[in-house]
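Colleague: Here it is: the structure, laid out below.
The values are calculated or read from the model by the stated rules, or taken from the named source; none is laboratory data. Here the structure is a predicted model, which means the values were calculated and not measured. Cβ placement follows ideal geometry from the backbone for every residue including glycine, while neighbour counts extend to all protein chains displayed. All accessible areas refer to the heavy atoms of the entire protein, side chains included, with ligands and DNA or RNA removed. Shrake-Rupley method; radii C 1.70, N 1.55, O 1.52, S 1.80 Å.
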Amino acid sequence: MAEPPASLPQTATTEAATTKITDLDEDSLAHCATYLSLQDLSNLAMTSKFLKKIAYSDSIWLHRFSLRWPLEMLSSSSSGVRQAYLDWRTALHQFKFADPFVLDLYTEARHFDHILLDKNDIIFSQGSIIRMMKTDSFLSGGSLVRMSDHNARITCMRLFPLNETSLVRSEIQREENVLVTSSCDHSIRLWWKGACHRCFRGHNGAVSTLSDKLLGAGGVKVLASGGEDGTVRLWSLSSSGKRGQQALKATLYGHQKPVSLMSVAGHKPSLLVTMSRDSKVSCLAFFLSIHFLTPPEFYFHVCTRIFLNSWGSQVRVWDTNTSSAVRSSCCVGMTSLPGAPVDMKCDEALLYIAAGSSVVVVDLRTMRKVNTVAICQPKLYSFAIMPSKSLICTGGFGKALLWDIRRSQEASKPKAVTELDGHMGSVSLLHMDPYKIVTGGLGDNFVNAWEIDTGKQTNSLLCNRPELGNTNIGCSAMAVNACRIATASYGESQGLVSFRDFSGAVRPTSSKCNDDEEEADVWKFWGTQTYSDSDGSNE
């Protein structure tokens, strides 16, 4: 009979049990950290003082810089290599460069209704036609994908994760997105890899809008749509069959007018907020009393009433987990606001509604107005929000305005903190992210980029060209994703989709958009050498 293996000495067992990560060599830990993502490095730095020192090591950031910009040389600075890397990365996200990779696509002379960026893919619609351009393969002779299953104008386009549908087949596909479109032909279609895989029908009219996110938690996700028939319909994206049989889960009634906007609540993924432009509201504009005294002390009283008619907006909140057997039983709250709907965004339990000339905050738990955070006279054309910075931006005529939500809560009347001016006509296109604001509109041949923290202009990008023909149309559609931007414009002769990728840019913009002194502060951390546009990093 074999003897049992000898046990380890007690001292060796004790030493192995007490070994910690902080006992390892710092250079070895720094080398391991070079394989971490930027987010993982940030998390590592917040763990302890020792690991923060490792995460801030120059060797890590020099390695990241050489991978991202292999032909560039990072200069030393008093702020350190890590800060120099982050400054460069921030400048890329703010479009502070004059040499992005540019790709222009000429199309038919027709209005662009929508445009989206899905990684390096550009998706846009003109009328009933959807086109998709893969920028990576297009340069090597790849074709433009044309999707024409809709037979009327497309009203809305959304991108959703593929893994929340029944189409996903492998782990590799989980990072991909599917395209969902609605149309005036009464249908909703789900697209993947340039082909239509589902068609959902049920509305008794044009489908006007789609939810900005999918409803529900866990594996079962639901898409919401709003129609000109005033109904809200819920669809399962997990249903099988090309025609989407058994996909319609519920029909919600309550709106008397077409549903124009939808947003999913942040604090409870089963709550859906919908908005419609409802019946005219009559309001008393002013009451004027004029008193005249005439001899012999004859009293003459004139009363004048003037009524103004204006559109109002009705907001409804639906709990999609509630049974809809009784038509409107899912509606758990509603409110009305003056002014036509412009846009709305949910941030946790708060709802930001842009209607008429103001932005109002409503608490979804009580459906009561919390505050008015922006007033833009005479009317609003667009609206965006960045909750992490407590900032909102509104598009008006000739300029956009930046508002601090915290200041608006303290003041009796909200006041903008910065004006983003210089536009021609209405600012109907707005984008906000943690780095920048991008503004544009139909009356302007340029889209402008601004620092989100200071409101200073960083770049001005031409989106219209003389070869398009005589036209007064500027930018009709815009999409921004990290360091990439796509704009669409058209003229009498043809249309133009212009794609710019700043991720590999190295030449700073001129002092037209940045003061010389500020540029010296920003660019002093590196020196420009030769460069390449091949870097497609999405960091």
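Colleague: Quickly run through the stretch 364-399 and pick out the residues that are closer than 26 Å to Trp318 by Cα and assigned to a strand (DSSP E or B).
Modeller: Arg368, Lys369, Val370, Asn371, Thr372, Val373, Ser382, Phe383, Ala384, Ile385, Met386, Ile392
Colleague: Also, I was wondering about something else. For the stretch 35-57, give me each residue that is under 16 Å from Leu86 (Cβ atoms) and either β-branched (Val, Ile, Thr) or not in a loop (DSSP other than H, G, I, E, B) (or both).
Modeller: Of the residues in the stretch 35-57, the ones under 16 Å from Leu86 (Cβ atoms) are 36-46, 52, 55-57.
Answer for the stretch 35-57, where residues must be under 16 Å from Leu86 (Cβ atoms) and either β-branched (Val, Ile, Thr) or not in a loop (DSSP other than H, G, I, E, B) (or both): Leu38, Gln39, Asp40, Leu41, Ser42, Asn43, Leu44, Ala45, Lys52, Ala55.
Colleague: Separate question: Is it the case that Ser143 is assigned to a loop (DSSP other than H, G, I, E, B), open to solvent by less than 50 Å² (accessible area, probe 1.4 Å), at pLDDT below 95 and farther than 30 Å from Leu215 by Cα?
Modeller: When the stated conditions are applied, Ser143 does not pass them.
Colleague: Shifting gears a bit: Do we have Ser66 as modelled with pLDDT under 90 and under 30 Å from Ser503 (Cα atoms) here?
Modeller: Details: modelled with pLDDT under 90: yes; under 30 Å from Ser503 (Cα atoms): yes.
It is true that Ser66 is modelled with pLDDT under 90 and under 30 Å from Ser503 (Cα atoms).
Colleague: Suppose we keep only residues that are polar (S, T, N, Q) and assigned to a loop (DSSP other than H, G, I, E, B) within the stretch 402-444. Which one would you say is least open to solvent (accessible area, probe 1.4 Å)? Before the answer, list the steps.
Modeller: Going residue by residue through the stretch 402-444, those that are polar (S, T, N, Q) are 408-409, 412, 418, 426, 428, 439.
Narrowing further to those that are assigned to a loop (DSSP other than H, G, I, E, B): 412, 428.
Numbers: Ser412: 126, Ser428: 45 Å².
Only one residue fits best here, namely Ser428.
Colleague: Next up: Collect the residues in the stretch 210-224 that are assigned to a loop (DSSP other than H, G, I, E, B) and open to solvent by less than 10 Å² (accessible area, probe 1.4 Å), keeping them in residue-number order. Break it down into steps so the answer makes sense when it comes.
Modeller: Step one: list which residues in the stretch 210-224 are assigned to a loop (DSSP other than H, G, I, E, B), which gives 211-214, 216-221.
Listed by number, the list holds a single entry, Ser211.
Colleague: Right, something else. Return the residues of the stretch 445-461 that are among the polar types (S, T, N, Q), surrounded by fewer than 19 Cβ atoms within 10 Å (Cβ to Cβ) and within 19 Å of Leu391 (Cα to Cα); say none if nothing qualifies.
Modeller: Thr454
Colleague: Further, regarding this structure: Quickly run through the stretch 343-394 and pick out the residues that are surrounded by fewer than 21 Cβ atoms within 10 Å (Cβ to Cβ), of a type in the set (Asp, Glu) and over 20 Å from Lys413 (Cα atoms).
Modeller: Residues satisfying the conditions are Asp347, Glu348.
Colleague: Residues Thr394, Thr439, Thr372: which one is in contact with a His (Cβ under 9 Å, 6 or more places away or on another chain) and under 18 Å from Val342 (Cα atoms)? Even if it seems obvious, please write down each step before you answer.
Modeller: Working: Thr394 fails: in contact with a His (Cβ under 9 Å, 6 or more places away or on another chain); Thr372 fails: in contact with a His (Cβ under 9 Å, 6 or more places away or on another chain).
Criteria check complete, one pass: Thr439.
Colleague: Name the single residue that is surrounded by the fewest Cβ atoms within 10 Å (Cβ to Cβ) among those in the stretch 113-139 being free of Cβ contacts under 8 Å to residues at least 40 places away in the same chain and of a type outside the set (S, T, N, Q).
Modeller: Keep residues of the stretch 113-139 that are free of Cβ contacts under 8 Å to residues at least 40 places away in the same chain, which gives 121, 127, 129, 131, 134, 137-139.
The next check asks that each one be of a type outside the set (S, T, N, Q); those that pass are 121, 127, 129, 131, 134, 138-139.
On the way: Asp121: 20, Gly127: 18, Ile129: 18, Arg131: 20, Lys134: 18, Phe138: 17, Leu139: 10.
Per the stated criteria, the residue is Leu139.
Colleague: Within the stretch 159-177, does at least one residue satisfy the condition of being crowded, with 21+ Cβ neighbours inside 10 Å and modelled with pLDDT of 85 or more?
Modeller: No, the stretch 159-177 has no match at all.
Colleague: List the number of the failed condition for His150; all other conditions in (1) closer than 23 Å to Tyr490 by Cβ; (2) not in a loop (DSSP other than H, G, I, E, B) hold.
Modeller: It fails just one condition, (2).
Colleague: Quick check on my filter: what residues within the stretch 35-66 are open to solvent by less than 70 Å² (accessible area, probe 1.4 Å) and of a type in the set (Val, Ile, Thr)?
Modeller: Passing the criteria: Ile54, Ile60.
Colleague: So, in the stretch 21-34, of the ones that are open to solvent by less than 90 Å² (accessible area, probe 1.4 Å) and either among the acidic types (Asp, Glu) or assigned to a loop (DSSP other than H, G, I, E, B) (or both), which residue ends up farthest from His63 (Cα to Cα)?
Modeller: The residue in question is Asp25.
Colleague: Which residue out of Ser489, Ser476 is open to solvent by less than 10 Å² (accessible area, probe 1.4 Å), in contact with a Ser or Thr (Cβ under 7 Å, 6 or more places away or on another chain), modelled with pLDDT of 50 or more and polar (S, T, N, Q)?
Modeller: Values: Ser476 fails: open to solvent by less than 10 Å² (accessible area, probe 1.4 Å).
Going through Ser489, Ser476 in turn, just one is open to solvent by less than 10 Å² (accessible area, probe 1.4 Å), in contact with a Ser or Thr (Cβ under 7 Å, 6 or more places away or on another chain), modelled with pLDDT of 50 or more and polar (S, T, N, Q): Ser489.
Colleague: Could you tell me how many of the residues in the stretch 220-249 are closer than 17 Å to Cys199 by Cα, of a type in the set (Gly, Ala, Ser) and modelled with pLDDT of 90 or more?
Modeller: Summing the residues that are closer than 17 Å to Cys199 by Cα, of a type in the set (Gly, Ala, Ser) and modelled with pLDDT of 90 or more in the stretch 220-249 gives 4.
Colleague: Check Trp69 against each of (1) open to solvent by 30 Å² or more (accessible area, probe 1.4 Å); (2) farther than 30 Å from Ser208 by Cα; (3) aromatic (Phe, Trp, Tyr); (4) in contact (Cβ under 8 Å) with a residue 60 or more places away in the chain and name the one condition it does not meet.
Modeller: Checking Trp69 against (1) open to solvent by 30 Å² or more (accessible area, probe 1.4 Å); (2) farther than 30 Å from Ser208 by Cα; (3) aromatic (Phe, Trp, Tyr); (4) in contact (Cβ under 8 Å) with a residue 60 or more places away in the chain, the one that fails is (1).
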